[in-house]
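First comes the structure, then the notes that go with it.
The values are calculated or read from the model by the stated rules, or taken from the named source; none is laboratory data. These numbers were taken from a predicted model, which means no experiment stands behind them. Here the Cβ positions follow ideal geometry from the backbone for every residue, glycine too, while neighbour counts run over all protein chains shown. These area figures cover heavy atoms from the full protein model, side chains too; ligands, DNA and RNA do not enter into them. Shrake-Rupley method; radii C 1.70, N 1.55, O 1.52, S 1.80 Å.
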Amino acid sequence: KAGVTQTPRYLIKTRGQQVTLSCSPISGHRSVSWYQQTPGQGLQFLFEYFSETQRNKGNFPGRFSGRQFSNSRSEMNVSTLELGDSALYLCASSLAKAGYLNTEAFFGQGTRLTVV
Amino acid sequence: GQQVMQIPQYQHVQEGEDFTTYCNSSTTLSNIQWYKQRPGGHPVFLIQLVKSGEVKKQKRLTFQFGEAKKNSSLHITATQTTDVGTYFCAGHKGGSEKLVFGKGTKLTVNP
């Protein structure tokens, strides 16, 4: 069974630009969550999608957005990039059946975004 | 901000010594999960605890979930160099599907 796939693995962007990151979850997983990881802040929750609907959202500005497609693949977009957006962006998928919380998260390798 | 506190942030031990990391939440957790992230890698699920007072073991690793379901610990006996990495706790709060992570404890082991 293929794992969670994130593309691209590395990205360098200039301040003010926008970026789109992609995540393909494990087959059969309907929940996809996004996290920002930085050395000082650990894993910060961005948002979670389930069946194309955003179920939960973290405390990030509106420049951070996402969506999920009918095949459960997800994308996140960051507009008007700032230097502080440089981080490892991790996507995680889980079975997360409705009303059932106790499922593990499977992480992708992440996309390393550098804003210069 | 971070809603699950994890301490210590860093821990350096000699190979063979024990190691413990602690996780605390101000509110009751539905469950607690533990992940390990090797240097340059991504978090990998280790275990999940659901019941109050639950204790689970995986070889040299012992996981505990507090009676009040607000705290948890991971204890490694006789650390090895392969234990190097950052250990994260994570939990669901109040039935939310949002999985909240602690900031992690970075473990280094001196051979």
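Can you tell me which residue among A:PHE64, A:PHE60 is more than 19 Å from A:THR103 (Cα to Cα), within 14 Å of chain B (Cβ to nearest Cβ) and not aliphatic (A, V, I, L, M)?
After applying the criteria, what remains is A:PHE60.
Return the residue satisfying two criteria in turn: it lies in the stretch B:28-45 and is touching a residue at least 60 places away in the same chain (Cβ under 8 Å) and either in contact with an Asp or Glu (Cβ under 6 Å, 6 or more places away or on another chain) or among the polar types (S, T, N, Q) (or both), and of such residues it is most open to solvent (accessible area, probe 1.4 Å).
Among residues in the stretch B:28-45 that are touching a residue at least 60 places away in the same chain (Cβ under 8 Å) and either in contact with an Asp or Glu (Cβ under 6 Å, 6 or more places away or on another chain) or among the polar types (S, T, N, Q) (or both), the one most open to solvent (accessible area, probe 1.4 Å) is B:THR28.
Filter the stretch B:16-27 for residues that are surrounded by 14 or more Cβ atoms within 10 Å (Cβ to Cβ) and of a type outside the set (S, T, N, Q) and give the result.
B:GLU17, B:PHE19, B:TYR22, B:CYS23
Just checking, how many residues over the stretch B:81-111 are at the interface with chain A (Cβ under 7 Å from one of its Cβ atoms) and among the hydrophobic types (A, V, I, L, M, F, W, C)?
4
If we only count strands (runs of 3 or more DSSP E) wholly inside the stretch A:46-116, which ones have 1 or more residues that are without any contact (Cβ under 8 Å) to a residue 24 or more places away in the chain?
Correct list: A:53-57, A:64-68.
Identify the single condition in (1) under 24 Å from A:LEU88 (Cα atoms); (2) within 14 Å of another protein chain (Cβ to nearest Cβ); (3) within 15 Å of the chain's Cα centre (by Cα) that B:GLN11 does not satisfy, given that it satisfies every other one.
Result: B:GLN11 fails condition (2) only.
Output the strands (runs of 3 or more DSSP E) that fall wholly within the stretch B:17-68 and possess 2 or more residues being touching a Pro at 6+ places or on another chain (Cβ under 8 Å) and within 10 Å of another protein chain (Cβ to nearest Cβ), or say none.
B:29-37
Just to be sure I understand, how many residues within the stretch B:56-76 are surrounded by 13 or more Cβ atoms within 10 Å (Cβ to Cβ) and either among the hydroxyl-bearing types (Ser, Thr, Tyr) or over 18 Å from B:PHE19 (Cβ atoms) (or both)?
Adding up the residues that qualify gives 7.
With (1) more than 16 Å from B:PHE101 (Cβ to Cβ); (2) assigned to a loop (DSSP other than H, G, I, E, B); (3) in contact with a strand residue (DSSP E or B) (Cβ under 7 Å, 6 or more places away or on another chain) as the list, and A:ALA2 as the residue in question, which single condition is left unmet?
Evaluating A:ALA2 over (1) more than 16 Å from B:PHE101 (Cβ to Cβ); (2) assigned to a loop (DSSP other than H, G, I, E, B); (3) in contact with a strand residue (DSSP E or B) (Cβ under 7 Å, 6 or more places away or on another chain) leaves (3) as the failure.
For every residue, the table says whether it meets (1) open to solvent by less than 30 Å² (accessible area, probe 1.4 Å); (2) away from chain B (no Cβ under 14 Å); (3) among the acidic types (Asp, Glu); (4) in contact with a strand residue (DSSP E or B) (Cβ under 8 Å, 6 or more places away or on another chain).
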| residue | (1), (2), (3), (4) |
| --- | --- |
| A:ILE26 | yes, no, no, yes |
| A:SER31 | yes, no, no, yes |
| A:PHE47 | yes, no, no, yes |
| A:ASN56 | yes, no, no, yes |
| A:VAL78 | yes, yes, no, yes |
| A:GLU82 | no, yes, yes, yes |
| A:ALA87 | yes, no, no, yes |
| A:CYS91 | yes, no, no, yes |
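From the list B:GLY85, B:GLY53, which residue is at pLDDT 95 or above, more than 11 Å from the chain's Cα centre (by Cα), within 22 Å of B:ASN24 (Cβ to Cβ) and open to solvent by less than 10 Å² (accessible area, probe 1.4 Å)?
One residue alone meets the criteria, B:GLY85.
Here are some conditions: (1) within 20 Å of B:THR79 (Cα to Cα); (2) in contact (Cβ under 8 Å) with a residue 40 or more places away in the chain; (3) of a type in the set (S, T, N, Q). B:ASN24 meets all but one. Which one does it not meet?
(1)
Condition check: of a type in the set (S, T, N, Q) and either touching a Ser or Thr at 6+ places or on another chain (Cβ under 9 Å) or modelled with pLDDT of 95 or more (or both). Does A:ASN102 satisfy that?
yes
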